[in-house]
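Notes follow the structure.
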Amino acid sequence: MTVTAFAPETEERFALARQVADAVLFEGYVLYPYRASAAKNRLRWQFGVLVPPGWGAECEEHDFQHTECLMEPKAGATLSVEVRFLHARRRTVQRARPDGGFDTVPELRLEDRVLMPWDEGGEERVEVVASVDELLGDGVTHPFRLPAREDTEPVVDEDGRAVGRLVRRCEEISGAVRLSARELDGPYRTVRLTAVVENTSDWTPPEGHGADREAALPRSLVATHLLMALSAGSFLSMTDPPEWAKGAVAACRNLHTWPVLAGEPGRADLVLSSPIILQDHPAIAPESPGALYDATEIDEILALRTAALTDEEKREARGTDERAAAVIDLADSMPPEVLERLHGAVRSLREVTGPGPAAPDGGFPDEHGVMRPDTPWWDPASEEGFDPARDRVVVDGRSVGQGSRVELHPGLRRTDAQDIFLRGRTATVEAVLHDVDGGVHLAVTVEGDPGADVRREQGRFLYFQPDEVTPLEDDV
């Protein structure tokens, strides 16, 4: 086994995959409103956290990830593995004293930002290259260690005067990457690859302090994930394997992570094993103007709300973290045409360049040869007979339409937990709507809602089906 820099061709493939892997690495790194003081930013890092084993026994987090996937390597193939994770750097803020010393303070206010204590995440990589032949049998183990370190950064004000400093400290982390492989029985040369990443740090909480996640995080591997590439051969999809491999895929064990094919669509020589479940060949949406770091981010909403933060809130966000500051600058400088592009994208349509061949029986085949009707499943002209403002529906023998008062009784089939809180409330019907499947829905505003006028003006209503309301009065 050798531990070395990747070959240029492998590095090029990894560079493409890292565009998605970076989204995994920084998923939930800092949440809107991007301020250290925000309650949601006080419990950090939820994905792929591998804690010291001496502390993991006392909590529900894990000290390892276990990946298994299938591959079909060619003779002489090598496997290149890159483990990526964040190493928490605990930052404290100090104010300069006239005598040249420093005092640790809860915040340091500057003209353009407010600096506060914060855990920054520094990217770390562990690279391992081994031949597939080496992995057969007992496999190979690569231990690694990151030493503790401390550094300082001076802080100057707008006039260039030194007013304080930032002190960053990283704790020691040790871990191991274990790689092994086993050939499976069958007519094809298929190999099951096992990759285990574990935190081997010997740190334990100080006596009497109990389970303290804040103390464990600087000694943890955060947002841990794997990139694995074959020099010759291919991996099998774990989500859509060929029929002959489904049994072997089902027998693979994946604990606290899930492998998918990565890199360019159509290639199968690269795998991303991530603590977040993804589809094969995940990609960053081309409309995305940049990383927003907020877990399950919705770019349009976050960009709009970030731009609407007060100047004081933006000052604190800029002082929280360089990545948070970049989000503020991105939202403030985003051109209208870029924001408009975030509103939505349709990816399932294909360009029609001319009439297709006629098909018998009034249908036409799709790209898979399946016969389809020669009329669309939905005809916009069919809506001409409906008018949400005037249509009515009979509920319990009473005619209900715009302006009717009803009592809400959400049914058990509804999955929105917020509807439970509306049970028994009265509401005003704003419109009667029909969907393409023939269903009827009532758009309502809840009586006593102080925002009802705003919702009505914006056309934002709550929707219930007729059997979920009781009419309170007859409408003539």
If you check A283 against the conditions, is it open to solvent by less than 60 Å² (accessible area, probe 1.4 Å) and of a type outside the set (V, I, T)?
no
In this structure, does V454 turn out to be open to solvent by 20 Å² or more (accessible area, probe 1.4 Å), assigned to a loop (DSSP other than H, G, I, E, B) and either of a type in the set (D, E) or more than 19 Å from S404 (Cα to Cα) (or both)?
no
Give me a count of the residues in the stretch 376-414 that are modelled with pLDDT of 70 or more and either hydrophobic (A, V, I, L, M, F, W, C) or in contact with a helix residue (DSSP H, G or I) (Cβ under 8 Å, 6 or more places away or on another chain) (or both).
11
Within the stretch 415-434, residues modelled with pLDDT under 85 and either within 16 Å of F461 (Cα to Cα) or not in a loop (DSSP other than H, G, I, E, B) (or both) come out as D416, A417, Q418, D419, I420, F421
Which one is farthest from V114 (Cα to Cα) among residues in the stretch 281-329 that are β-branched (V, I, T) and outside any helix (DSSP H, G or I)?
I284
Out of the stretch 37-74, which residues are more than 13 Å from D212 (Cα to Cα), open to solvent by 70 Å² or more (accessible area, probe 1.4 Å) and either in contact with a Phe, Trp or Tyr (Cβ under 9 Å, 6 or more places away or on another chain) or touching a residue at least 24 places away in the same chain (Cβ under 8 Å) (or both)?
K40, Q46, H62, K74
Odd one out for V20, checked against (1) in contact with a Pro (Cβ under 8 Å, 6 or more places away or on another chain); (2) exposed (fewer than 15 other Cβ atoms within 10 Å of the Cβ):
(2)
Do we have any residue at all in the stretch 266-273 that's within 20 Å of the chain's Cα centre (by Cα), farther than 14 Å from T67 by Cα and of a type in the set (V, I, T)?
no
Number of positions in the stretch 204-254 that are modelled with pLDDT of 90 or more and open to solvent by 10 Å² or more (accessible area, probe 1.4 Å)
23
For the stretch 240-255 the number of residues that are in contact with a Leu (Cβ under 8 Å, 6 or more places away or on another chain) and part of a loop (DSSP other than H, G, I, E, B) is 3
Check F64 against each of (1) closer than 17 Å to V126 by Cα; (2) in contact with a Pro (Cβ under 8 Å, 6 or more places away or on another chain) and name the one condition it does not meet.
(2)
Report yes if P259 is of a type outside the set (A, V, I, L, M), assigned to a loop (DSSP other than H, G, I, E, B) and out of contact with any helix residue (DSSP H, G or I) (no Cβ under 9 Å at 6 or more places or on another chain), otherwise no.
no
Of L86, L79, which residue is under 30 Å from L166 (Cα atoms) and open to solvent by less than 20 Å² (accessible area, probe 1.4 Å)?
L86
Check R145 against each of (1) more than 32 Å from the chain's Cα centre (by Cα); (2) open to solvent by 60 Å² or more (accessible area, probe 1.4 Å); (3) farther than 21 Å from A326 by Cα and name the one condition it does not meet.
(1)
Does the stretch 89-131 hold any residues that are closer than 13 Å to L166 by Cα and open to solvent by less than 30 Å² (accessible area, probe 1.4 Å), and which are they?
R91, V93, Q94, V105, L108, V114, L115, W118, D119, E120
Enumeration of residues in the stretch 158-170 that are more than 16 Å from F102 (Cα to Cα) and without any contact (Cβ under 8 Å) to a residue 60 or more places away in the chain:
E158, D159, G160
Which one is least open to solvent (accessible area, probe 1.4 Å), of the residues in the stretch 255-280 that are touching a residue at least 60 places away in the same chain (Cβ under 8 Å) and among the acidic types (D, E)?
D269
Looking at (1) more than 24 Å from A21 (Cα to Cα); (2) outside any loop (DSSP other than H, G, I, E, B), which is the only condition D202 fails?
(2)
On the basis of being farther than 22 Å from A38 by Cβ and of a type in the set (A, V, I, L, M), does L292 make the cut?
no
Candidate set from the stretch 171-190 (those that are out of contact with any His (no Cβ under 6 Å at 6 or more places or on another chain) and surrounded by 20 or more Cβ atoms within 10 Å (Cβ to Cβ)); member that is farthest from P259 (Cα to Cα):
E171
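The values are calculated or read from the model by the stated rules, or taken from the named source; none is laboratory data. Quantities reported herein were computed from a predicted structural model and do not represent experimental measurements. So basically every Cβ, Gly included, is an ideal-geometry build from the backbone, and we count neighbours across all protein chains shown. These accessible areas exclude ligands, DNA and RNA; they are computed on the full protein's heavy atoms, side chains included. Shrake-Rupley method; radii C 1.70, N 1.55, O 1.52, S 1.80 Å.
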